[in-house]
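Visitor: Quick one: this structure, given as structure tokens, is what I'll be asking you about.
Coordinate-derived values only; no laboratory data. Nothing here was measured: the structure is a model prediction, and the numbers come from that model. Cβ placement follows ideal geometry from the backbone for every residue including glycine, while neighbour counts extend to all protein chains displayed.
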Amino acid sequence: MRDLVVKMAEVFKALGDPTRLRILRMLASNPEQKVCVGCIAERLGISQPAVSQHLKVLKNVGLAEPNREGFRVHYAINSETLDAFQKDWQALTALTAEKCPCSGKEACQEEIA
């Protein structure tokens, strides 16, 4: 469970930037289409190096998949990772119905599992 929490924190950190969310939305809206860095930069009105840095973060958490075609790298959303994250998020939100065993005590000493 601890690994799951760490992985979710990494994904949340990656999604904590509005530009990365815009890139992810762009990739998710056309899951069968791969998009090059130049096209993303043009659509978002930012530099290609900035897009590359944002895509690196998304790739490192498994949300974006690179595919080299000649001299260009095209990106697509990794639907499997996104689906897994969604399931993990749903499992986390389901815990809101459970009462914390430390409820009523001064400080919760329970370690995040």
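Visitor: Could you pull out every one of the lysines with an alpha carbon less than 29 Å from that of K87, ignoring same-chain neighbours closer than 8 positions?
Guide: By straight Cα distance, K87 reaches K7, K13, K34, K56, K59, K99.
Visitor: What are the residues whose amide H is under 5 Å from the amide H of H74, where those residues sit 5 or more places off or on another chain and H is modelled from the backbone?
Guide: Those lying under 5 Å, H to H, from H74 are N67, R68, E69.
Visitor: In Å, what Rg and Dmax follow from the Cα atoms of region 2-79?
Guide: 12.3, 40
Visitor: Here's something else I'd like to know. If each DSSP helix of 4+ residues adds -39,500 (n - 2.57) and the sum is divided by the residues in the chain, what number results at 222 nm, nearest 500 deg cm²/dmol?
Guide: -17000 deg cm²/dmol
Visitor: A further question on this structure: Taking a point 7 angstrom from the Cα of N30 along the C-beta vector, which residues in region 43-70 have backbone N less than 14 Å away?
Guide: Residues 43-44 fall inside that zone.
Visitor: Return a whole-number percent for the relative contact order of the chain, with Cα pairs under 8 Å and 6 or more residues apart as the contact set.
Guide: 28 percent
Visitor: Hey, another quick one. Given the peptides 17-23, 29-35, arrange them by the average over their residues of other C-beta atoms within 10 Å, most packed first.
Guide: Ranked by mean Cβ neighbours within 10 Å, highest first: 17-23, 29-35.
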